[in-house]
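Single-structure report; data block below.
Every read-out reported here was derived from the displayed coordinates using simple, explicitly stated rules and does not represent laboratory data. All of these numbers come straight from a predicted model, not from anything done at the bench. Because the Cβ atoms are built from the backbone with ideal geometry, glycine has one as well, and the counts that use them run over all protein chains shown.
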Amino acid sequence: MRFTVVGGLGVAVNIAVFNVFRQFVGFSTLWSGVLATCTAIATNYSGFRYYAYRGRRSRRMASEGFSPRRA
């Protein structure tokens, strides 16, 4: 159920931000879509980190990043 909530919120944020930038700010469709997508990605990341996976969260946020492996 938590995944559904976070995913639905991401879709709602994407649609809302796109329409705000397109209709009220006057950005082009391309830039409105790019900004809406970036905002939705950030919302989904936060939602999954702090809500959906809150029991599995690591103590350090840096450990969730990319760690290059040497061959």
Point to revise | Using θ = phi - 60° and Karplus 6.51 cos²θ - 1.76 cosθ + 1.60, couplings along region 43-49 (whole Hz; Gly, Pro as x) | key: 5, 5, 4, 5, x, 5, 5
Exercise for review: Would you calculate the separation in nanometres between label points at Arg56 and Val5, each defined as 7 Å from the Cα along the Cα-to-beta-carbon direction?
Suggested key: 1.7
Check your understanding: Residue by residue, what Karplus-based ³J(HN,Hα) values in Hz, rounded to whole numbers, does region 19-28 have, using 6.51, -1.76 and 1.60 with θ = phi - 60° and x for Gly and Pro?
Key -> 5, 5, 5, 6, 8, 9, 8, x, 6, 6
**Study point:** Whole-Hz ³J(HN,Hα) from phi, Karplus 6.51 cos²θ - 1.76 cosθ + 1.60, for region 4-14, glycine and proline x
**Key:** 5, 5, 5, x, x, 5, x, 5, 5, 5, 4
